[in-house]
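The block underneath contains the structure these notes are about, expressed in C-alpha cells.
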Amino acid sequence: MSNINENEELDFIYEIRVQFDSQGSQSVTRMVEIKNVGTIVFYYEWQQKPYTKLFDIVYSKIQCFYFDNHISSILPNDTLKLSFVFKSSEPEIFTERWQLLTRSVLCGDRPIIFTLHDVTTEEDVHRQTRINIEVYFYYYEKEINKKMFLHKEAKSLVRKIVSNILDNV
C-alpha cells in the first residue's frame, strides 16, 4: 500500500473533496460511491493525514466527521457506498484528510485522499427582527423623501407666488 509523503506535490494526489455545510447542531450526511470495475478484489484501509490549518487558528479537537474507517475489501463489479456524517454544535470551519490505502494498486499508485470539509454557521435568530427593521426604515425613508419632495414643491410654489407679487408691485 502506497503512503503519501507529506512533502509530496498535490498534483500527484487523487483527491476527493466531500463538502458539508451545516447550521447549528444539525447532522449532514454525504455519500460517495467507489465501484470496483476490475477483475480482482481490492483491499483498503484508512489513514488520517495531518491537515495544515490556515492563519494559525486554533480549532477544537472534538471529532465531527464520522464514517466506517475499518479495514475492508471490494469485490469485482461491487460498489462501496461510503456514508460520511458531520455533526458539530459549534460554529467553525472543520477539515480532515484521510488517505485510502489500497491493495491492489489503484489510480496508478497515486495517493487517494478524501478531504472532508464543513463550514458550520449559527442559526440567525435575529433574522426576522432585522427584516422588520429594514422594512420599517425602507418605508420611513420613503415617507421622508416624499415629505422632502412636498416641502421643495411648496418652497418652489411660495417663491413663484412671492416673485409674481413683487413683479406686480
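The numbers here are math on the coordinates, done by the rules we state, and not lab data. Small disclaimer: the values here were computed from a predicted structure and weren't measured. Here the Cβ is made from the backbone with ideal geometry for all residues, glycine too, and neighbour counts use every protein chain on show.
Starting from the Cα of residue 146, step 7 Å along the direction of its Cβ; do the same at residue 130; then give the gap between the two resulting points in nm.
2.8
Treating only the Cβ atoms of Lys and Arg (+1) and Asp and Glu (-1) as charged, compute the dipole magnitude of the range 10-121 about its Cα centre; round to the nearest 20 debye.
Once rounded to the nearest 20, the dipole reads 140 debye.
For the chain, state the semi-axes of the equivalent ellipsoid (square roots of 5 times the eigenvalues of the alpha-carbon gyration tensor), sorted largest first and rounded to whole angstrom.
Result for the chain: semi-axes of 66, 18, 16 Å.
Lysine pairs in the range 126-169 with Cα distance under 17 Å, only those 8 or more apart or on different chains: how many are there? Could the numbers behind the result be given before it?
Details: 142/152; 146/155; 147/155; 152/160.
Lysine pair count for the range 126-169: 4.
Taking the range 126-169 on its own, what percent of its Cα-Cα pair distances exceed 15 Å?
The proportion of pairs with Cα distances above 15 Å equals 63 percent.
Highest mean first, how do 69-75, 126-132, 100-106, 112-118 rank when packing is the count of other Cβ atoms within 10 Å averaged over residues?
Values: 69-75: 12.1, 126-132: 9.6, 100-106: 16.1, 112-118: 19.3.
Packing proxy ranking, top to bottom: 112-118, 100-106, 69-75, 126-132.
P(r) for the range 92-169: what percent of alpha-carbon pairs falls in each 10 Å bin, starting at zero?
14, 15, 13, 11, 11, 11, 9, 7, 5, 3, 1
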